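What follows is calculated from the coordinates using simple rules that are stated; it is not laboratory data. A quick note: this is a predicted structure, and the numbers were derived from the prediction, not measured. Please note: Cβ atoms are built from the backbone with ideal geometry, for glycine as well, and neighbour counts cover all protein chains shown.
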Amino acid sequence: MNDLDPVDTARAVPGDWLVVPGELNEHLWRWGRIGEVLPAPEGVVRLRVRWIGDVRDSVVVAPEGARIEKAASWPDPAGDAIGVWPDPHSR
């Protein structure tokens, strides 16, 4: 998936990560653990996520450029490397 592809939220399951990149050359990426996938009648999938560093959940629609990372690939991201991990699709 490249930055122009829409986020495939249909394959997201609780426990996966929503990864939202920041501006180029900035380390402002956000990682949110998906707690629930909330389909809407109009077809827009919303996600209940808990962003790393937050204490409450947020309900969001995945923005352009975001991606879903499977929980098995990133079981417990931690430390100051969040947001600077390489794009696994570029391997």
Placing +1 at every Lys and Arg Cβ and -1 at every Asp and Glu Cβ, with all other atoms neutral, what dipole size does the range 9-71 have around its Cα centre, in debye to the nearest 20?
220
List the residues whose amide H sits under 5 Å from the amide H of residue 46, counting only those 5 or more places along or on another chain, with H placed 1.01 Å from N in the peptide plane.
38, 40
Taking a crude spin-label model, label points 7 Å out from Cα along the C-beta direction, the residue 36 to residue 59 distance in nm is 0.8
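Taking a ≥ b ≥ c as the square roots of the eigenvalues of the Cα gyration tensor of the range 9-71, is the shape rounded (a/c under 1.5), prolate (a/b larger than b/c) or oblate? Could you put the intermediate results ahead of the total?
On the way: a/c = 1.83, a/b = 1.43, b/c = 1.28.
Prolate is the answer for the range 9-71, as a/c is 1.5 or above and a/b outweighs b/c.
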Sort the following peptides by mean Cβ neighbour count (other Cβ atoms within 10 Å, averaged over residues), highest first: 39-51, 9-21.
9-21, 39-51
